[in-house]
Amino acid sequence: MRIYKDILDELSMNSMYLIWKGQNFFCTPLDISGNVWTVAVDADFTVEGLCELIVNYKDKRLVFSCHIGTVETDAIIISSCIHRCILSTSVSKEDEIEFIKKVREVESQQYKWNKRKEERYEIKFDIEAIQFSSAQQQVILAEETLPCFVDNISFGGAKIITYESRYEVGNRVVVNYTFANPIEVIQVPSYIRHIISLPKKDDSERLIALCLEYDHAPLAFQKRMTSFVERLNASKEKTENAI
């Protein structure tokens with residue numbers, strides 16, 4: 001599970017550091033897979049062996065025993081090395097158990113959402129189930145913002161209809177999804193994977209379809225998608241039972 005700020009917020013992780021041979025090193029989580037954590041450690045040398053991983057969870061200080069080793073040096077993160085921590089499975093304190101349980105729940109959600117990335121759901125102008133505040137959404141490329149309409153959507157991408165502009169395959173864009181109940185705007189960074197020119201009618205501006213792959217769909221968006229799919233399934237089940 002790749003770690004982003006919204007996942008740290010969901011896990012109520014304020015900060016994290018390592019204690020190794022009496023020295024403290026600030027670290028940033030990059031990926032979590034079970035009891036294996038990949039972290040960027042604020043050190044310009046190898047940290048290996050037994051250590052303690054300190055997690056500031058809510059207003060509590062949690063201590064986990066772990067074994068750490070270097071994975072690779074990251075030139076992007078100045079004065080940091082990428083390390084792999086293997087956490088001890090022996091956790092006894094209530095707060096530590098609560099935290100690990102929360103991590104497992106979020107990791108399980110991410111796994112389920114990743115499995116459903118390719119399942120597409122048609123939207124067009126039927127916005128009730130997904131609870132868009134309007135059929136018209138926005139797509140942003142650099143400093144240009146254009147209206148768009150969602151043709152279909154999934155956990156991993158979307159097909160949107162917008163006006164022809166400077167779009168190219170590989171461009172990074174941001175889609176502003178505006179939801180109702182409650183009102184919420186969620187920005188989803190995406191990459192253009194395919195561009196389809198649509199037939200032009202009279203003298204109107206030419207429309208195109210952008211096939212997008214999300215770079216990172218925030219948790220808030222994934223929760224909205226989960227609720228949307230649940231409503232679709234409930235409606236389908238109700239219709240089948242009525243027949």
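Of all residues in region 6-26, those that are open to solvent by 70 Å² or more (accessible area, probe 1.4 Å) have Cβ atoms under 7 Å from Cβ atoms of residues that are assigned to a strand (DSSP E or B), 6 or more apart or on another chain, in Asn14/Asn56; Asn24/Tyr17; Phe26/Tyr17.
Residue-level check: of (1) open to solvent by less than 30 Å² (accessible area, probe 1.4 Å); (2) on the phi > 0 side of the Ramachandran plot, Ala142 misses just (1). Residues being surrounded by 13 or more Cβ atoms within 10 Å (Cβ to Cβ) and in a strand (DSSP E or B) are represented in region 86-99 by at least one member.
Of Leu219, Leu212, all but one fail to be out of contact with any Cys (no Cβ under 9 Å at 6 or more places or on another chain) and either of a type outside the set (A, V, I, L, M, F, W, C) or within 14 Å of Cys148 (Cα to Cα) (or both); the exception is Leu212.
Comparison of Ile183, Ile195 shows that the only residue that is farther than 19 Å from Lys112 by Cβ, touching a residue at least 40 places away in the same chain (Cβ under 8 Å) and β-branched (Val, Ile, Thr) is Ile183. Of the residues making up region 188-201, those that are open to solvent by 10 Å² or more (accessible area, probe 1.4 Å) and of a type in the set (Ser, Thr, Tyr) number 2. If the condition is being more than 22 Å from the chain's Cα centre (by Cα) and of a type outside the set (D, E, K, R), then region 150-168 contributes Ile161, Thr162, Tyr163, Ser165, Tyr167. Given the structure, is Val36 modelled with pLDDT under 90 and aliphatic (A, V, I, L, M)? Yes: the conditions hold for Val36. Counting only residues that are part of a strand (DSSP E or B), crowded, with 17+ Cβ neighbours inside 10 Å and hydrophobic (A, V, I, L, M, F, W, C), region 150-187 holds 9 of them. Considering only residues in region 114-125 that are open to solvent by 100 Å² or more (accessible area, probe 1.4 Å) and in a loop (DSSP other than H, G, I, E, B), the one that is modelled with the lowest pLDDT turns out to be Glu118.
Surrounded by 18 or more Cβ atoms within 10 Å (Cβ to Cβ) and under 30 Å from Ala220 (Cβ atoms): does that describe Ile68? Even if it seems obvious, please write down each step before you answer.
Details: surrounded by 18 or more Cβ atoms within 10 Å (Cβ to Cβ): yes; under 30 Å from Ala220 (Cβ atoms): no.
Answer is no for this residue.
Filtered by the rule that a residue be part of a loop (DSSP other than H, G, I, E, B) and within 29 Å of Pro218 (Cα to Cα), region 8-50 gives Leu11, Ser12, Gly34, Asn35, Asp42.
The values are calculated or read from the model by the stated rules, or taken from the named source; none is laboratory data. Since we're looking at a predicted model, the values are computed, not measured. All Cβ positions, glycine included, derive from the backbone under ideal geometry; neighbour counts span all protein chains shown. Ligands, DNA and RNA are excluded from the accessible area calculation, which covers all protein heavy atoms including side chains. Shrake-Rupley method; radii C 1.70, N 1.55, O 1.52, S 1.80 Å.
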